[in-house]
Structures are given as C-alpha cells and as structure tokens.
Amino acid sequence: MHCRSCEILVEDELKKIPGVTEAYVNHKNGSAYIHYRGHLYEDDLIRAIENAGYSYGAGEGTDNKLITGDVKAYKELGIAAVIAVGLYLIAKSFGLFSLSANISGNYNNLPVVFLIGITAGVSTCMALVGGLVLGASAQFSKKHPEASGMEKFKPHLFFNLGRIISFFILGGLIGFLGSVFQLSTSVLGVLTVGVGIVMLLLGTQLIDIFPFLKRFSFTIPKNITRFFGIKDRADSDYSHKNSAIMGGLTFFLPCGFTQAMQLFAMSTGSPIAGALTMGVFALGTAPGLLGVGGLTSAVKGHAARLFFKTAGIVVVALSLFNISNGLNLLGIGSFPNILWTNPAWAANTNADPNVKLVNGIQEVRMRQVSSGYVPNKFTIKKGIPVRWIIDSRDSNTCAASIVSQKLGIRQGLQPGENVIEFNPDQTGTIRFSCSMGMYTGVFTVVDENTSGAVSPETDAVLAQNPIPPAGGGACGGGGCGCGVKKQVSVTTGEVTNQNSVQVIKAVYSQDKDIVPNQFSVKANQPVRFEIEAQDDGYGCMSSVTLPGLSNRVEVFSKGTTVTFEFTPTKPGDFGITCAMGVPRGRIQVN
C-alpha cells in the first residue's frame, strides 16, 4: 500500500463483511485491526482484501531494509520506466511541452502549469489528498446508501470545486503578498530545493524500491488539521458544504507540486498572475482527483503497482528539475554544470561575437523570448565595465523576470530594451536565470589579457544545461543540452550570382538541421545567405550565427527566412554555429 487512499479502500471492503463493526488499516506496516461480533472467517478476510486490489499474507519485516530484494519489483520498475518514456515521447510528438512557447500573451506559461497539475493529480496530490476525497465519498455513501452512482459522484465534484475556488482566491492573495515583499533569490533558491527534496521523497516512495522510506509519511500535520478543522470535517456527517471547504483547505497541505506553484505564484508579484497560476494548477489536478475513486478501483494488483511506479518515476524526474532550478537560483548551476565545469575551458584565442567593445564598455546584447534567452552564454573580460542590453520580446513569461545571485539583481523586464550595467571584478562564472531557475544563462569572466571565448569543441559539451519537459516547455531554452543537433551528413550547396552578390541558400528543420551546410564563396564580394525555416527552432539550436563573418544572431521561426548579408574580406574557413558555438556547417572563403 502507498497512502491513505489505499487504507480507505481496504477498510471499506473489510466493513462489508458480516459481523465487522470497525476496521483500521495502516499502510506503513501493511496491517489491519478489525473489531467484530460473532465469528470471523479467514476466507472472508482474504476475499475482501483481494476485492480492494491487494493481497493477504504474513508480514515479512522488510520495512527497515535499505533496498528491496524482490526481483519482481525491479521488473515492474523497468516496465514503468518504459511506460514513462513512452508517454513522454508521445506528449513531445504532440508538442505538449512547447505549448507555452507558442501561446503569446499567456500568464506565466499557463499550459505548462496545467500539465504539471495533471501530473500532480495522478501522483503526489492523489497520494496526499486522495484519502480525503475517498473519505468524503465514504461518508456520503454511509449517510445515503440508496444513492445512485451519479449522486455518489457529487462529493468528488464539490470537493474539487471548493479546491479550485480556494486555490484561485488564495493564489491571488500570495501573488499580492509577492508584490508587497519579495523573497530574496537565496531564500527562493533554498525553498525551491527543499520542495524538490520533498517531491523526490514522495516519488521514491511511489516506486516502492526502498522499504525504509515508508517510515517517512507526508500526512496532514496535526497542528494544521487542528487549526483548520480538516479532520473534524472529514469525520463529521457529510454535507456538500463540508466537502467543498475540505477541498479548499487542501491549499495548506504539504504537497511538493502545490508548494512549488505557491512559490512561483508569489514570485510573480501579481495578484492576477498568482490567482491564474494556482487556479489553473488546481484545475489540472481535478481529472486525477475526480477519477481517484474509479481509478483506484479499476487499477488493481499488478496494474496498480505499475500505475504508481510510473507516476513515481515522473515525480522523481520533476523533483530533479525543481532541485536543478533551485541550484540555478543560488548561482551554483544545475547538475550538468556542477559535474562538468572546468576552469581551463575559458582559455582560448577566439573573440565572443556577441560581445562588442564600445567606448571602453563591453556591450552585450541578448533577446528574451517566451522560451528563454538567446543567446544565453557570453565571454567577457575582467575589469572592463559591461552594458547588458536585454531585448524583451515577451513579458508574459517567467523569463521576463531575471535574477542573478552574484550580481545581486532581480528585475522584471519591460517590453523593448532593458539595460543592466555591472563591472566584473574577478574571473569565473556569473550565472543568471529567470525567477524560478528554469531558463538560465552564464557570463564567463576571463582575465583582461586573455582574448578568449569558448572553443566550439569544448562548448558543445560544457554548455549543456538540460531542462526536464513537465516545468518550462520543450527544452526551456535554458541551455544547450537538449538542443544539440544530431550528427548529419555534410552537404555542399550551390552559389549563384545576382547583381554581383553571391547568393547561398539552405533550409532549416529540427530533424536535419541546416541543409546544405557547406559553401564556398569568394573574398571581397558581397554574400547573401538565406536560410528558410521549415520548423520553429528547438533549444540552443533555435539560434544561428556566423562567427567571423557576421555579428548578428538570428532565431528560426517556422515559415520565415533568416538572412545574413556580409562581405568576407579575407580567405579562411568560417563556421556556421548556434549562438553558443556548437558547429553545424562551414563557409569556405577563397
């Protein structure tokens, strides 16, 4: 058994046995305590337990084991992993993770919030809140044994209606509080990591591989139940009003997903954005919670174990995403950065094409779009002032709130150009991210005597900072990791002359990247390079630039054509790269 919902299902079946007056089930130690009159037959007990979808047997005393020795549990986990990956690939193929990037004018990526709500509704929220839902339903059935199936469904409807209304109202309140006072980036980072750890524990409990974790149970704290009267309402005679109020009070339960959304709502500093965030999240949890009765009765035995293990894998993945976001906010960087960062990678003789020296000031230009920052990696020199110009293209996304622990900034970007100035006084890395740590970027500060940017070969590995799909869209634009192109064949393109201009053309798609990707042009003669985009750009590879030939960085958007115009002044071999230096083709100047 996994949670209070399991206990209620077994208790209900045991109470149906003639003579049984009370039944108390404990999911932690897998035991049931039964009060009865007359004679109790063991066959009736076994049948009742199996009807609830569980098996009967002697306890094995495995609760204190660090890891289970049950081979069947590992086989089920493997199958669950395949199911989880399959669901991810299906969702990705339908573009569910990129909905937020394709919807303009949204409040903080509401489609993604809704998807997170759906995941929570069939995992941690079901585990934590499902017992209350089933408890309310059981109270109604006990009071109205003659009720029809539709009437017995009403407690679920009122519970979720009260939950959605409460989350909307209280979300607006914490959004307003966020406008009055802001949590520091450090506090927000620590809280986000803490929420991720809570989710990690819940997820590992669901996969049921570590028996000792059953000792750690996230139930409703007694002081909260006493203060808000949740238990009193759950135990009292059923009423639709009580069911709605009980649903509303779940806002205060220690669910990792709920806490993450609450932090996000507060960070918006907007009552409207906060209300919509929490309301849409609660709406997303509704399908799972509405189906908890039917779902838990439909998936039993082996199917139930697979269901919860699959949900556990998803929760573990999202918990790591949350922890990674918190580390970004703390300026530490996500897991790949921590593992792969190497100070030696900054030593190079190539200049960063995205950094210009203007009147003694390093001028850095960056675009903020719905899916993050383009480009999001720069090499600057120590001791020279920096003017960071951020062109905000979509202010209704988390990326429009930018923070940097090291620079001590937390700023909401206004539409158009925003200027941030600072003076890098020591070598190393300066990380920045959105206010939730989902979209990230980095400044690499090198010594003034070093001319250096990152080499394409090193950058292709070290720039990786992947973002999981259920929190910030397809890849979030937060790093290069999931956008690095596949290995493709080298294809040579033709050069045509139009009015003394050398014209070269290519086509971009997510599957094949840039085709053709090799050209040969003449020096000291104008060149126009046209790239037709058949798909929207994906991850880091959504951007394209020509180091040494053009300082411009362009972004692929389906149905448009990216055009570079330049005149090469000297022979050489020049790369076609993404904004972070990943090589994807070359232009030979003769």
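Against the condition crowded, with 20+ Cβ neighbours inside 10 Å and outside any loop (DSSP other than H, G, I, E, B), how does Val503 come out, does it pass?
Here the answer is no, as Val503 does not meet what is asked.
Would you mind stating whether Asn423 is closer than 25 Å to Ala273 by Cβ, over 25 Å from the mean Cα position of the chain (by Cα) and surrounded by fewer than 20 Cβ atoms within 10 Å (Cβ to Cβ)?
Taking the combined requirement at face value, the residue does not satisfy it.
Would you say Ala474 is in contact with a helix residue (DSSP H, G or I) (Cβ under 6 Å, 6 or more places away or on another chain) and modelled with pLDDT under 90?
yes
Examine region 522-540 for a residue that is under 19 Å from Pro353 (Cβ atoms), touching a Gly at 6+ places or on another chain (Cβ under 6 Å), not basic (Lys, Arg) and not assigned by TED's automatic domain parsing to the domain that holds Leu357, and state whether such a residue exists.
Yes, some residue in region 522-540 is under 19 Å from Pro353 (Cβ atoms), touching a Gly at 6+ places or on another chain (Cβ under 6 Å), not basic (Lys, Arg) and not assigned by TED's automatic domain parsing to the domain that holds Leu357.
Could you tell me whether Gly416 is touching a residue at least 24 places away in the same chain (Cβ under 8 Å) and crowded, with 22+ Cβ neighbours inside 10 Å?
Against the criterion (touching a residue at least 24 places away in the same chain (Cβ under 8 Å) and crowded, with 22+ Cβ neighbours inside 10 Å), Gly416 does not qualify.
Does any residue of region 572-582 turn out to be more than 28 Å from Thr444 (Cα to Cα) and either within 29 Å of the chain's Cα centre (by Cα) or not assigned by TED's automatic domain parsing to the domain that holds Thr444 (or both)?
Within region 572-582, not a single residue is more than 28 Å from Thr444 (Cα to Cα) and either within 29 Å of the chain's Cα centre (by Cα) or not assigned by TED's automatic domain parsing to the domain that holds Thr444 (or both).
Within region 347-396, can you find the residues that are modelled with pLDDT of 85 or more, crowded, with 22+ Cβ neighbours inside 10 Å and charged (D, E, K, R)?
Hit for region 347-396 is Lys377, nothing else.
The conditions are (1) crowded, with 16+ Cβ neighbours inside 10 Å; (2) at pLDDT 90 or above, and Gln525 fails exactly one of them. Which is it?
Of (1) crowded, with 16+ Cβ neighbours inside 10 Å; (2) at pLDDT 90 or above, only one is false for Gln525: (1).
Can you report the number of residues in region 349-388 which are under 25 Å from the mean Cα position of the chain (by Cα) and on the phi > 0 side of the Ramachandran plot?
Result for region 349-388: 1.
Which of the residues spanning region 542-590 are of a type in the set (Asp, Glu) and closer than 20 Å to Asn376 by Cα?
Of everything in region 542-590, just one residue is of a type in the set (Asp, Glu) and closer than 20 Å to Asn376 by Cα, namely Glu554.
Go through (1) surrounded by 15 or more Cβ atoms within 10 Å (Cβ to Cβ); (2) modelled with pLDDT of 85 or more; (3) part of a helix (DSSP H, G or I) and name the single condition Ala23 misses.
(3)
So which residues in region 351-374 are in a loop (DSSP other than H, G, I, E, B) and in contact with a Lys or Arg (Cβ under 8 Å, 6 or more places away or on another chain), if there are any at all?
Asn354, Ser370
Name every residue in region 533-551 that is under 31 Å from the mean Cα position of the chain (by Cα) and assigned to a strand (DSSP E or B), in order of residue number.
Once the filter is applied, which keeps residues that are under 31 Å from the mean Cα position of the chain (by Cα) and assigned to a strand (DSSP E or B), region 533-551 yields Ala533, Ser543, Val544, Thr545.
Only one of (1) of a type outside the set (A, V, I, L, M, F, W, C); (2) crowded, with 22+ Cβ neighbours inside 10 Å; (3) at pLDDT below 55 fails for Asn342. Which number is that?
Unmet for Asn342, out of (1) of a type outside the set (A, V, I, L, M, F, W, C); (2) crowded, with 22+ Cβ neighbours inside 10 Å; (3) at pLDDT below 55: (2).
Taking region 88-126, which residues are at pLDDT 80 or above and more than 21 Å from Leu283 (Cα to Cα)?
Leu89, Ile90
Are there any pairs, at least 6 apart or on different chains, whose C-beta atoms fall under 6 Å, with the first in region 552-563 and farther than 17 Å from Arg393 by Cα and not assigned by TED's automatic domain parsing to the domain that holds Glu363 and the second acidic (Asp, Glu) and part of a strand (DSSP E or B), and if so, which?
Short answer, once both residue conditions are applied: Thr561/Glu530; Thr561/Glu532; Val562/Glu554; Thr563/Glu530.
For region 215-223, does any single residue satisfy the condition of being assigned to a loop (DSSP other than H, G, I, E, B), buried (at least 21 other Cβ atoms within 10 Å of the Cβ) and at pLDDT below 70?
yes
The values are calculated or read from the model by the stated rules, or taken from the named source; none is laboratory data. All figures in this text were calculated on a predicted structure; none of them were measured in a lab. Cβ: placed from backbone, ideal geometry, glycine included. Neighbour counts: every protein chain shown.
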